[in-house]
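Chemist: Sharing a structure with you now.
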Amino acid sequence: MSISPQWQIDRGQLNHNWLQNGVVVALNHASGICTGTVRPRDITRSLSEDINRWQERSTELSSLLNRFVVEMSPRIYFNSPPLSRCPEETRSWLEPLTHELWLQRGMREKIDAAKAAYQKADSAFQKIYAELSNLPSSPTTDDLKPACSQLQTLIARCQALADSISALPHRVLCC
Amino acid sequence: MTSSDHNSVPNDTTESATSSTLPRILVIDDMFGRQVQGRPNRERANLCGMYGLRDVTGDEPFPSDEEVVNPTAEAVFFRGQQPLCATVGDSVENDLGATIAFVRKGWHTDANSGPTWALVLLDLCFYTGAVTPDSNNAFAGMPVGRAGDDDARSYFGLTILKRLREEFPELPVVILSSKQREEVSLLFTEAGALGFISRTDSAGRSLLGEYLWRHGLTPDPSGTVVGTSLRLLLALRKARREAEGRQNVLIRGERGTGKDLLAQYLNRYGTLDNERRPFVTVDCGALLPSIWKSELLGHKRGAYTGADSDRQGLVVQANGGDLFLDEIGNMIPEAQEGLLRVIETREVVSVGATSGRVVDVRFIAATNKSIEKAAEAGTEFLPDLLDRLNFTKTIWLPPLRERRSDIPLLVERFVREAESSCEVAMNRQIRPNAMNALLAYDWPGNIRQLQSVVRDAVNSHRDVEYLVAGHLHFGIDIPAEAENNAADVIPPIISPAVDLPPATEPVAEQPERPLSTDPKNLNGSFDRLVAGFHEQIADVVEACLSAYSDPLTGKVNYTGAYRLAVSPSEQSSNVSGDAKRWFRMLFVGKNGLVAPLPAETVAKRPLLMDARRWACGSGS
C-alpha cells in the first residue's frame, strides 16, 4: 500500500528543479566567472544573481524538511479507509506506534541528516554573501580568488543537501 | 493542450547559422530546453557556462550578455515536451514523436545538409502537468509535476533513449541528470546510454570533453581529413578509440582513401591531451637495400664511406611521437627485420654504433595490400612482423563510394586548391550537372583520383566561371590491387549521360484510356497488363544501363545506372551493395513478394543479360 502525497511533488520542485538544476548549476556558473571560463558583461551583477538564488526558496526548502515527518509518515493511512474505521481505543496507541516504528527504522536519522545539511549550506551562503559585499565594483581575477574557494565548498554542501533530500523515501511506506 | 504532429516540430526552433568547427550536440531536457517568453532562459545560460557550451538553438529573444570562453561544443536545446513555450494554464506533456523528429532533423539523412549531432545529452526525469501561477513563478513555463514523473521505472528520458537506440543506433547518447548515478546506472546502461554526467558535477566540462573525444561523431576540426559523412565520422571515432594510450595502429583501406591524412589526424587528436608530438613519415617502398638502415636507424660518423657526420634515423626523429610507415606492404624484407627488432625492443642501434638508444615511438602503419597473403607466401612479408601488426589496432578507411556525401566538400576543396595553384585560373562555380556526375561516379582510385579529375578540369579550363560536366574526364582506370575486393569493384568510369529523361516519363507518356467494362476486353486483361508492365520495366532499366555504357568498350557502370533509376531517398550510403541487390531482385525476385522479370523479357535485351550475369553470377 502506498500514497504519493503533495510532499513528494513539492520535493521534486524544490530539490530536483530548484536546488539541483537551479542553485547548484548557478553556483557552478559563478565558479566559471571566478576562473574566467565565463565572461559576463557585469561580473558583480552576474555573481550576485547566481548566489542570491538560494534566498529565492531556501525558506520553502526548510519548511519542506519540517513537513516531512508529518506528511510522509505512515500514520496518514489512519486518515482514510480502511484504517480510519479502526476503533478509537486501538487507534490511540496503534497510530503513534506506527509513526515511532517508522522513525526508528532509519527515518529519524535521514531527516536529521537532511536538516543538518541544510544548516551547513545556509551558513556557507551567509559567509559568501559577506565575501561578495566586499568586492569592488569591477573585480579582477585576484579579487575573486577568495570567493572561488568558498564557492567550491558551497557547491559541495548544496550537493550534499540535495543528496540527503533525495535519500528520503519517494512514497509513504507501510512499515 | 496543443496537439502534436509527429512529422513536424511544433513551435519550431530556429537554429543559429554558424560556420564553427565546434562539435554540435543536442541537449534534450525539460527545464533547459524549454522556451521562456519575454526573458532569457537563465537556467540554460548557467548550464552553458558550466559545461562550456555555446547555445545555438536560436530561440532566445535577447542576445546573451555573457561569453563562454573556449567553448567545448555548440549546443541545441530541445524540451522533449509540448508546448515548447508554456504559460500559466497550459498543460505540459511529454512528446516522444516530436523529440524523435527533432533528432532526425539533425542526423545523417538526405534531407539534412547542415551540421549533424556529434552527441546527445539526455535528461532522465521530465516533469509534466499543469503550469500554475506558483510553478510559473518558480520557473517560467515549468509545470507542477505529477507523482509518477519522478519514478525511475517510468522516466521519460529512458523512453526517449530506447527509441533513439532503435532508430539511430550509431548516435551516441550520454545521460545528463541530477539523479544519483547509483540509482539509475543499470537502467541507463541497459537502455543503451554510453555514459553519465551528473548535472551537479563541477568537473562536468572536462567530462563532456572526454565523452566527445571518446564517443562523439565529430569531423576533423583542422580540416586535414575532409568530410562529415557518417561513415567517415565513425572511422575517425574508431581511430581515436583504437589509438588511445598511444598503441600502435594499422590503417587499412583502398588506395587513395587518405590513409596518410588519417595518420596525421591520429598524431594530432589520437590522445585526449591533444599534445603536439613529432610526426615522421616513411615511404616504405623507397627504402632500398642500400639505404634503409641509414634512413630508418641512422648512422654514426665514419660508419661507412660518405658518412661524414652523425645522422639521426627516422625512428629517433619520431621519438616521443609517431612514425608513419606508409605502404608497409612495399617494405623490403631486410628493412622489415630491422623494423621488427625496433618494435620488439623499443631500442634503436644506429649503423656504426656500439650501443642502442631507447625510444618511445608509436608506429602507425598503412597498407592497401593483403599483407596476410604476402606473409603466407613467406617471401614478401615477415610473418613475425605481421603478427606484431595484427596485435595492434586496425582502422579501416571507407572508400569514397561509401561516403558520397563528402564528395561536394572534397570537390570544393580541390577546386579552390587547383585555382590557387594556377595563378591565372578564374574563381568558378560548380554547376549541378558537374556535381551530379562526380557524385554518380564510383571512384576506384578514391580521393586521389577525385583530386586528379578536378585538378585536370580546372587546369584545362582556366578562363571560365563555371565547372560543368563536360569539363570532367574520368578516364579508364581499373584498380591494380586484387585487395580492392574485386567482387565489389564496379567496372571503370563511364561519363554519365546527364540529359537522360527521368525514368517515369515512359510510364507517364502512356495515354490515359477509360477502362472498358466489356467482358470481351477484360478477358485475360490482368495477365496482359502484367506482361506489358514487365516490358516497360525492362525498357526503363535498359535505358538506364545504356546511359551508363561506354560506347567504345561496352563496359557498364551498374551503380551509375542504379542511381539513375532509383530515387535518392531509396538509396543508402552503401550504394554499390544496394545496386547489386536491386539488380538481383529484378532478375530473381524477392522473398516471393516481388516477381522477377520474365526470362523471355530479359533474353531480348543484351544489356539486361549482362546485368543479370553481373548481379547473379555468370551461371545465370
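Chemist: Of B:100, B:395, how do they rank once you tally other Cβ atoms within 10 Å and put the fewest first?
Modeler: Values: B:100 18, B:395 24.
Going from sparsest to densest Cβ surroundings: B:100, B:395.
Chemist: Listing B:401, A:41 from the residue with the fewest other Cβ atoms within 10 Å to the one with the most, what is the order? Walk me through the numbers before you get to the answer.
Modeler: Values: B:401 22, A:41 10.
Going from least to most buried by this count: A:41, B:401.
Chemist: Sticking with this structure for a sec: Using Cβ counts within 10 Å as a stand-in for footprinting exposure, how do B:268, A:105, B:276 rank, fewest first?
Modeler: Working: B:268 19, A:105 12, B:276 8.
With the sparsest Cβ surroundings first, the list reads B:276, A:105, B:268.
Chemist: Separate question: For the range A:40-168, what is the charge dipole size about the Cα centre, in debye to the nearest 20, if Lys and Arg each add +1 at the Cβ and Asp and Glu each add -1 at the Cβ?
Modeler: Once rounded to the nearest 20, the dipole reads 180 debye.
Chemist: Taking 0.36 nm per intervening residue step and subtracting the Cα-Cα distance, what contour gain separates residue B:463 from residue B:91 on full extension? Could the numbers behind the result be given before it?
Modeler: On the way: separation 372, 0.36 × 372 = 133.92 nm, distance 6.36 nm.
This chain segment gains 127.6 nm when fully extended.
Chemist: Right, here's the next one. If amide H atoms are built 1.01 Å from N in the plane of the peptide, which residues on other chains or at least 5 residues away come under 5 Å of the amide H of residue B:55?
Modeler: B:75
Chemist: Taking the Cβ-Cβ separation of residue B:409 and residue B:373 as r and a Förster radius of 41 Å, what is the calculated FRET efficiency to the nearest 0.05? Display every interim value, and only then the final one.
Modeler: Working: r = 35 Å, r/R0 = 0.85.
Step by step, r from the Cβ atoms, then E = 0.75.
Chemist: Per residue, how big is the convex hull around the C-alpha atoms of chain B? Give it to me in cubic angstrom, could you? The partial results should precede the final answer.
Modeler: Numbers: hull volume 152.1 nm³, N = 620.
About 245 Å³ per residue, rounded to a whole number.
Chemist: Projecting each Cα onto the charge dipole of chain B (Lys/Arg +1, Asp/Glu -1 at the beta carbon, about the Cα centre), which of B:226, B:256, B:26 comes out farthest on the positive side?
Modeler: B:256
Chemist: Among the GluC sites (Glu not before Pro) in the range B:241-335, which ones are in a DSSP loop with at most 10 other Cβ atoms within 10 Å of the Cβ? Mind listing them? Walk me through the intermediate numbers first.
Modeler: Values: sites: B:242, B:244, B:254, B:275, B:295, B:327, B:334; in loops: B:244, B:254, B:275, B:327.
Sites meeting the loop and neighbour criteria: B:275.
Chemist: Which helices pass in chain A if a helix is a full DSSP H run, must span at least 30 angstrom along its long axis by Cα, and must have mean Kyte-Doolittle hydropathy not below -1.0? Provide the component values of the computation, followed by the final result.
Modeler: Details: long enough: A:108-133 (38 Å, -0.66); A:141-166 (37 Å, 0.06).
Qualifying helices, which must be both long enough and hydrophobic enough, are A:108-133, A:141-166.
Chemist: I've got another one for you. Just counting partner chain Cβ atoms within 10 Å, what average do the residues of peptide B:135-147 show around their Cβ? Present the calculation step by step, with values, prior to reporting the outcome.
Modeler: Details: counts 3, 0, 1, 8, 5, 0, 0, 4, 1, 5, 8, 3, 9.
Whole-number average of other-chain Cβ neighbours for B:135-147 is 4.
Chemist: Something else now. For chain B, what is the charge dipole size about the Cα centre, in debye to the nearest 20, if Lys and Arg each add +1 at the Cβ and Asp and Glu each add -1 at the Cβ? Working shown, then result.
Modeler: Numbers: 66 positive and 82 negative charges, 188 e Å.
Charge dipole of chain B: 900 debye, to the nearest 20.
Chemist: Taking the Cα-to-Cβ direction at residue B:69 and at residue A:126 and moving 7 Å from each Cα, how far apart do the two end points lie in nm?
Modeler: Here the answer is 3.4 nm between the modelled labels.
Chemist: Please compute, for peptide B:76-85, the average count of beta-carbon atoms on other protein chains lying within 10 Å of each residue's beta-carbon. Please list the in-between numbers first.
Modeler: Details: counts 0, 0, 0, 0, 0, 0, 0, 0, 0, 0.
Per residue, the number of nearby Cβ atoms from other chains is 0 on average.
Chemist: Roughly how many nanometres apart are two label points built 7 Å out from the Cα toward the Cβ at residue A:145 and residue A:59?
Modeler: 3.9 nm
Chemist: Hey, can you rank B:193-203, A:145-155 by average C-beta count inside 10 Å, highest first?
Modeler: Per-residue mean Cβ counts within 10 Å order the peptides as B:193-203, A:145-155.
Chemist: While we're on this one: Non-local amide H neighbours of residue B:298 (under 5 Å, H modeled in plane, Pro and chain starts lacking H): which ones?
Modeler: Result for residue B:298 returns B:313, B:314, B:351.
Chemist: Go ahead and run the numbers for FRET between residue B:162 and residue B:183, Cβ-Cβ distance against an R0 of 22 Å, rounding to 0.05.
Modeler: Working: r = 18 Å, r/R0 = 0.84.
Here the calculated transfer efficiency is 0.75.
Chemist: Explain nothing, just the number: dipole magnitude of the protein assembly as shown about its Cα centre with +1 on each Lys and Arg Cβ and -1 on each Asp and Glu Cβ, in debye rounded to the nearest 20. Spell out each step's value before the answer.
Modeler: Values: 85 positive and 100 negative charges, 203 e Å.
So the magnitude is around 980 debye.
Chemist: Using alpha carbon centroids, what distance separates the range B:109-146 and the range B:38-74, in Å?
Modeler: The distance from the Cα centre of the range B:109-146 to that of the range B:38-74 comes to 15 Å.
Chemist: May I pose another question? Search the structure for amide H atoms under 5 Å from the amide H of residue B:173, placed 1.01 Å from N in the peptide plane, and list their residues when 5 or more places away or on another chain.
Modeler: Long-range HN contacts for residue B:173: B:120, B:194.
Chemist: If you count, for every residue in B:66-74, the Cβ atoms of partner chains within 10 Å of its Cβ, what is the mean? Show your work: numbers first, answer last.
Modeler: Working: counts 10, 5, 4, 6, 2, 1, 1, 0, 0.
If you average over the peptide's residues, the count of other-chain Cβ atoms is 3.
Chemist: Right, next: Of A:21, A:130, A:92, which is farthest on the positive side of the dipole of the range A:17-166, counting Cα position, with +1 on Lys and Arg Cβ, -1 on Asp and Glu Cβ, and the Cα centre as origin?
Modeler: Selected residue: A:21.
Chemist: Only residues of the range A:97-126 count here: report those whose backbone N is under 15 Å from the spot 7 Å along Cα→Cβ of residue A:86, or say none.
Modeler: From the range A:97-126, the list is A:97-103.
Chemist: Highest mean first, what order results for B:425-432, A:111-118 on Cβ atoms within 10 Å? The partial results should precede the final answer.
Modeler: Values: B:425-432: 14.9, A:111-118: 17.8.
Listed from highest to lowest mean packing, they are A:111-118, B:425-432.
Chemist: Subtract the Cα-Cα distance of residue A:173 and residue A:49 from 0.36 nm times their separation in residues, and report this length gain in nm to one decimal.
Modeler: Numbers: separation 124, 0.36 × 124 = 44.64 nm, distance 3.93 nm.
Value of the extension gain: 40.7 nm.
Chemist: With a point put 7 Å past each Cα toward its Cβ, work out how far residue B:310 is from residue B:276 in nm, to one decimal.
Modeler: With each label placed 7 Å out from Cα toward Cβ, I get 2.6 nm.
Chemist: For the range B:178-185, take each phi angle, set θ = phi - 60°, evaluate the Karplus expression 6.51 cos²θ - 1.76 cosθ + 1.60, and give the result in whole Hz per residue in order, putting x for glycine and proline.
Modeler: Once θ is set to phi - 60°, the couplings for the range B:178-185 become 8, 6, 6, 4, 4, 6, 10, 4 Hz.
Chemist: So, R0 is 22 Å and r is the distance between the beta-carbons of residue A:104 and residue A:6; what FRET efficiency does that work out to, to 0.05? Walk me through the numbers before you get to the answer.
Modeler: Details: r = 25 Å, r/R0 = 1.14.
That gives a FRET efficiency of 0.30.
Rule-based calculations on the coordinates, nothing more; no lab input. Worth saying up front: this structure is predicted, and the values here are computed from it rather than measured. So basically every Cβ, Gly included, is an ideal-geometry build from the backbone, and we count neighbours across all protein chains shown.
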